Amino acid sequence: MIFVTVGTQLAFERMVRVIDEWAGSTTPAPKVFAQIGPSEFVPKHIEHKAFIEPSEFVERARAAEAIVAHAGMGSILTALSYGKPIVIMPRRADLGEQRNDHQLSTAARFKGQPGVFVASDETELPAILDSLRDLQAAEPIPPFASPSLIKAIHDFIDEV
Amino acid sequence: MNDHPKRILAVASGGGHFVQLRRMRPAWEHCEVHYLSTIADYANDLEPGAKLHLVNDANRWDKIGIARMALRIAWTLIKVRPQVIISTGAAAGYFALRFGKLLGARTIWVDSIANAEELSMTGRMVRKYADLYLTQWPDLAEPDGPHYEGSVLG
């Protein structure tokens, strides 16, 4: 199963539309579940829901062969912590998909990170989806933040 | 170690901010832990003994929603009386740190790792209310803060 997610707030039709078309034109038909947000576009070829609870999000991420997502940190961190390959496509503010362009910088920073594959826009997505089975996951990242960050916060709390 | 564990309120809106916040939880495993977020389902996956306080989700373009959120956070702070408040964002974290300072709490801001080119808008607004003021990108660190101590990637 391929797990598609657009995060907890806004729809991302530019991405979901391409995934739906890809699923409809690929044989055998790939199994896809997509969390699509408050989307006016209704996918025809994939299972979909507007929103799912965080516990279902975790279960679906854990069970997925691969994750395709907006370039949001919840999606990226969840994929990396379960050692799942993730394809990210950044939202763009000029298209009304987000209020600022931080996902462009997130995508730029994570490009080349093992297990993370960036589709800059919808035109790059189908080719990456075709190669989804061959994408290499990275070793899962540790379950917690870096020890130095945890220590800095821990020490600060102890001084209070 | 004190007899009475410190009370910490850990604040983040639902989604990526909350996922990041939770990855830092070993830092407060010795505390009485309260979370404040926007999604009730998070209560099902917290460390034992931790309590979730709910607030509506809102952003700064939604005046009524943001006012409700601010009131709700003020009420939670008065109820919980945390000694330490930590947040990764977004608007809920701003109010929690700002009101928390008025109530004498010590405050921690960890700017989201999503903000790789510049600090988040909320991160810039919250600067003067954060006693510990951190970025997760070394090249965004400055001598007077934000400081870099590591990231949630592990």
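A quick yes/no check of all residues on (1) assigned to a loop (DSSP other than H, G, I, E, B); (2) within 8 Å of another protein chain (Cβ to nearest Cβ); (3) closer than 20 Å to A:Ala61 by Cβ:
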residue: B:Phe18; (1), (2), (3): no, yes, yes
residue: B:Asn44; (1), (2), (3): no, yes, yes
residue: B:Asn56; (1), (2), (3): yes, no, no
residue: B:Asn59; (1), (2), (3): yes, yes, no
residue: B:Gly65; (1), (2), (3): no, no, no
residue: B:Leu71; (1), (2), (3): no, no, no
residue: B:Ala74; (1), (2), (3): no, no, no
residue: B:Lys79; (1), (2), (3): no, no, no
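On the stretch given as segment B:108-135, residues that are touching a strand residue (DSSP E or B) at 6+ places or on another chain (Cβ under 7 Å) and facing another protein chain (nearest Cβ under 10 Å) total 7.
Applying the condition of being part of a helix (DSSP H, G or I) and open to solvent by less than 10 Å² (accessible area, probe 1.4 Å) to segment B:96-115 and asking which residue is farthest from B:Arg25 (Cα to Cα) yields B:Gly100. Let me spell it out: the conditions are (1) in a loop (DSSP other than H, G, I, E, B); (2) touching a strand residue (DSSP E or B) at 6+ places or on another chain (Cβ under 7 Å); (3) within 11 Å of another protein chain (Cβ to nearest Cβ); (4) of a type outside the set (A, V, I, L, M, F, W, C), and B:His30 meets all of them except one. Which number is the exception? Of everything listed in (1) in a loop (DSSP other than H, G, I, E, B); (2) touching a strand residue (DSSP E or B) at 6+ places or on another chain (Cβ under 7 Å); (3) within 11 Å of another protein chain (Cβ to nearest Cβ); (4) of a type outside the set (A, V, I, L, M, F, W, C), B:His30 misses just condition (2). Within segment A:102-127, being in a loop (DSSP other than H, G, I, E, B) and either away from chain B (no Cβ under 14 Å) or under 18 Å from B:Gln136 (Cα atoms) (or both) holds for A:Lys111, A:Gln113, A:Ala119, A:Ser120, A:Asp121, A:Glu122, A:Thr123, A:Glu124. Restricting the search to segment A:51-72, which residues are part of a helix (DSSP H, G or I) and either more than 8 Å from chain B (Cβ to nearest Cβ) or within 8 Å of the chain's Cα centre (by Cα) (or both)? Across segment A:51-72, the qualifying residues are A:Glu56, A:Phe57, A:Glu59, A:Arg60, A:Ala61, A:Arg62, A:Ala63.
Give segment A:148-160 a look and list any residue that's facing chain B (nearest Cβ under 7 Å) and modelled with pLDDT of 95 or more, or say none. Selection gives A:Ser148, A:Leu149, A:Ile150, A:Ala152, A:Ile153, A:His154, A:Phe156, A:Ile157. Could you tell me whether A:Lys84 is among the basic types (Lys, Arg), at pLDDT 95 or above and more than 25 Å from A:Leu104 (Cα to Cα)? It is false that A:Lys84 is among the basic types (Lys, Arg), at pLDDT 95 or above and more than 25 Å from A:Leu104 (Cα to Cα). Against the numbered list (1) in contact with a helix residue (DSSP H, G or I) (Cβ under 8 Å, 6 or more places away or on another chain); (2) free of Cβ contacts under 8 Å to residues at least 40 places away in the same chain; (3) among the charged types (D, E, K, R), B:Asp139 comes up short only at (1).
Inspect segment A:61-84 for any residue being at positive phi and surrounded by fewer than 22 Cβ atoms within 10 Å (Cβ to Cβ) and give the result as yes or no.
The answer is yes, given that some residue of segment A:61-84 is at positive phi and surrounded by fewer than 22 Cβ atoms within 10 Å (Cβ to Cβ).
A residue that is surrounded by 15 or more Cβ atoms within 10 Å (Cβ to Cβ) and either closer than 22 Å to A:Ala23 by Cβ or touching a Lys or Arg at 6+ places or on another chain (Cβ under 6 Å) (or both) cannot be found anywhere in segment A:104-115.
Pairing each residue of segment A:130-157 that is in a loop (DSSP other than H, G, I, E, B) with any residue that is charged (D, E, K, R) and modelled with pLDDT of 95 or more, provided the two are 6+ apart or on different chains, yields C-beta distances under 6 Å for A:Ala137/A:Lys84; A:Phe144/B:Arg23; A:Ala145/B:Arg23.
Does A:Pro54 satisfy the criteria of being without any contact (Cβ under 8 Å) to a residue 12 or more places away in the chain, crowded, with 16+ Cβ neighbours inside 10 Å and within 15 Å of A:Gly7 (Cα to Cα)?
It is true that A:Pro54 is without any contact (Cβ under 8 Å) to a residue 12 or more places away in the chain, crowded, with 16+ Cβ neighbours inside 10 Å and within 15 Å of A:Gly7 (Cα to Cα).
All conditions in (1) closer than 22 Å to B:Ala130 by Cα; (2) away from every other protein chain (no Cβ under 14 Å); (3) open to solvent by 10 Å² or more (accessible area, probe 1.4 Å) hold for B:Gly93, with the sole exception of (3).
The values are calculated or read from the model by the stated rules, or taken from the named source; none is laboratory data. Quantities reported herein were computed from a predicted structural model and do not represent experimental measurements. Using ideal geometry, Cβ is built from the backbone for each residue, glycine included, and neighbour counts are taken over all protein chains shown. All accessible areas refer to the heavy atoms of the entire protein, side chains included, with ligands and DNA or RNA removed. Shrake-Rupley method; radii C 1.70, N 1.55, O 1.52, S 1.80 Å.
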